[in-house]
1. Given the options Ala373, Ala380, name the one that is open to solvent by 10 Å² or more (accessible area, probe 1.4 Å) and at pLDDT below 95.
2. List, please: which pairs have Cβ atoms under 6 Å, are six or more places apart or on different chains, and start with a residue in segment 297-309 that is farther than 15 Å from Leu337 by Cα and end with one that is open to solvent by less than 60 Å² (accessible area, probe 1.4 Å) and in a helix (DSSP H, G or I)?
3. Among the residues of segment 314-339, count how many are open to solvent by less than 20 Å² (accessible area, probe 1.4 Å) and in contact with a helix residue (DSSP H, G or I) (Cβ under 6 Å, 6 or more places away or on another chain).
4. If I filter segment 312-371 down to residues being in contact with a Gly (Cβ under 7 Å, 6 or more places away or on another chain) and not in a helix (DSSP H, G or I), which single residue comes out as nearest to Arg249 (Cα to Cα)?
5. Inside segment 310-358, can you point out the residues that are without any contact (Cβ under 8 Å) to a residue 24 or more places away in the chain and of a type in the set (Gly, Ala, Ser)?
6. I'd like to know if segment 356-368 contains one or more residues that are closer than 21 Å to Ala121 by Cβ, among the basic types (Lys, Arg), open to solvent by 10 Å² or more (accessible area, probe 1.4 Å) and under 18 Å from the mean Cα position of the chain (by Cα).
7. So, in segment 200-212, exactly how many residues are free of Cβ contacts under 8 Å to residues at least 60 places away in the same chain, of a type outside the set (S, T, N, Q) and either open to solvent by 20 Å² or more (accessible area, probe 1.4 Å) or closer than 17 Å to Thr432 by Cα (or both)?
Amino acid sequence: MTNTWPLARGTVPEREAFAFGATTIFVLFAGDAVPNTLTWVGAGVLWALVAAWGVTILVRAKPPLVRSPWPLWAFLAWCLLSVAWSHWRFATISSLTVQVICAAVAFTIASTLTWRRILDALSLALRWVLLLSIVFEAVVAVFVRHPIAPIWTDYGDADIPDAFYFSRAELFTGGRIQGLPGNANLLAMVALLVAIVVVLQLAEGRMRRQRATGWLVVAALGFVLTRSSTVIAAALVVAVVALVAAWMRRVPTERRTPRYLLLAVGAVVVAGAAFVLRGPVSELLGKGSDATGRGEIWAKVLGLIDQHAVVGWGWIGYWWPGIPTLAVAHRKGVTYLQAHDAYLDVWMQTGIIGLVLFLLYVVTTLSRSWACATRIGYDAALRPRTFDPVSLLPLLVVVALLVQSVAESRLLYQGNWVLFALIAIKTRIVLTGEEPTSTGDGPRTPPAKREFRWATTR
């Protein structure tokens with residue numbers, strides 16, 4: 001049984017909690033593969049079954065809300081209030097219902113799994129999404145040899161945009177593969193997250209070197225085949241943040257002020273250079289000076305914001321098709337259903353008040369994630385604890401998601417929303433270095449040996 005939350009009043013089987021966490025992450029990050037293969041009705045049934053499973057676990061675990069992040073619930077409460085003035089009231093109620101259910105799912109995973117088991121669940125689910133994506137694209141390219149559409153569509157002989165296809169059969173033609181998520185940028189983010197969790201598992205001794213090397217090769221392959229400039233930028237930022245966190249941990253907390261000042265100056269310089277050189281950098285990454293049409297979309301969204309800047313148009317999350325007001329993002333025959341920036345999206349939907357609440361949610365989560373990575377813990381004898389690589393998990397994942405949120409609105413729904421909420425809630429419950437061990441974590445072995453579970457079977 002697992003009882004990883006000190007305040008929990010109930011228990012659930014660790015195997016079930018782990019299976020639920022891995023299944024949820026897999027289903028959400030599989031993205032378009034679910035409705036494209038099961039139809040929207042089948043997808044709705046599957047999502048409802050997963051949510052119901054989570055509710056049963058939550059009821060048995062009985063975790064209190066007292067240690068969860070209030071900015072998350074405050075933001076959701078403001079989204080609920082927006083029903084009163086929403087310009088798409090039915091969509092607001094429906095979308096918010098899904099949003100709250102997803103937050104509850106994240107709450108369930110955070111309250112029933114330790115940080116190491118969350119790492120394992122993320123790794124298992126995301127590796128399967130990535131591997132099946134590459135296998136899927138290979139089957140389409142080798143055997144089908146032409147683009148395929150979702151199962152619920154029949155375009156006939158019509159000339160349709162490439163974005164409407166489930167797979168464009170471009171594995172061997174030099175194009176960008178889309179995989180199970182149905183989008184190259186989303187698949188690239190899965191590859192980046194796989195690289196992060198596998199490296200941490202290797203450093204923790206939770207995965208053999210040969211196996212980890214193989215999965216890192218698969219992640220690199222997915223990275224190359226998707227060629228997402230947004231995720232390339234995210235990967236660079238993640239690498240820099242990991243190095244900075246390691247650099248900061250080398251000195252005691254009371255002697256870090258000069259390093260923080262140097263870090264602040266460096267961040268301002270980099271941010272200024274990035275703003276001044278945004279055009280050339282975007283062209284270098286293959287996005288063009290307009291970031292592949294995002295500049296035009298942002299300008300139109302700012303026009304919507306100007307009309308209702310204080311309270312917004314009403315929460316909707318992922319833009320529903322068929323709403324004329326939101327039909328502002330057109331490119332190559334496709335109407336894009338997002339602002340391509342999570343913060344502009346929140347501002348447009350919930351106004352400046354909602355944006356402030358959302359930024360509080362983001363900043364506090366990032367702050368706690370930074371504390372996980374850089375805080376030096378102490379044992380009962382007041383001796384500094386050794387560094388655990390899993391301490392970097394919250395920070396690196398949060399940074400990757402936040403960089404992506406500048407060019408995509410995925411942080412507001414589906415897998416990104418649940419993963420970010422999971423880290424927000426878990427870091428509020430307990431920091432990585434202060435969590436009691438669970439039987440599901442496996443035996444702790446010396447870093448030099450790093451045999452983990454295999455040592456117990458010999």
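1. Step by step, each of Ala373, Ala380 is checked, and only Ala380 is open to solvent by 10 Å² or more (accessible area, probe 1.4 Å) and at pLDDT below 95.
2. Pairs that qualify, where the first residue is farther than 15 Å from Leu337 by Cα and the partner is open to solvent by less than 60 Å² (accessible area, probe 1.4 Å) and in a helix (DSSP H, G or I), are Ile305/Met348.
3. Total satisfying the criteria: 8.
4. Once the filter is applied, the top-ranked residue is Gly312.
5. Across segment 310-358, the qualifying residues are Gly322, Ala327.
6. Looking for residues that are closer than 21 Å to Ala121 by Cβ, among the basic types (Lys, Arg), open to solvent by 10 Å² or more (accessible area, probe 1.4 Å) and under 18 Å from the mean Cα position of the chain (by Cα), one finds at least one in segment 356-368, hence yes.
7. 3
Here is a yes/no grid of residues against (1) over 30 Å from Ser133 (Cα atoms); (2) touching a residue at least 12 places away in the same chain (Cβ under 8 Å); (3) surrounded by 13 or more Cβ atoms within 10 Å (Cβ to Cβ):
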site: Leu225; (1), (2), (3): no, yes, yes
site: Ala233; (1), (2), (3): no, yes, yes
site: Val238; (1), (2), (3): no, yes, yes
site: Ala245; (1), (2), (3): yes, yes, yes
site: Pro252; (1), (2), (3): yes, yes, no
site: Val265; (1), (2), (3): yes, no, no
site: Val269; (1), (2), (3): yes, no, no
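The values are calculated or read from the model by the stated rules, or taken from the named source; none is laboratory data. Small disclaimer: the values here were computed from a predicted structure and weren't measured. Backbone-built Cβ (ideal geometry, glycine too); neighbour counts: all protein chains shown. Protein only, heavy atoms only, side chains kept; ligands, DNA and RNA dropped before computing areas. Shrake-Rupley method; radii C 1.70, N 1.55, O 1.52, S 1.80 Å.
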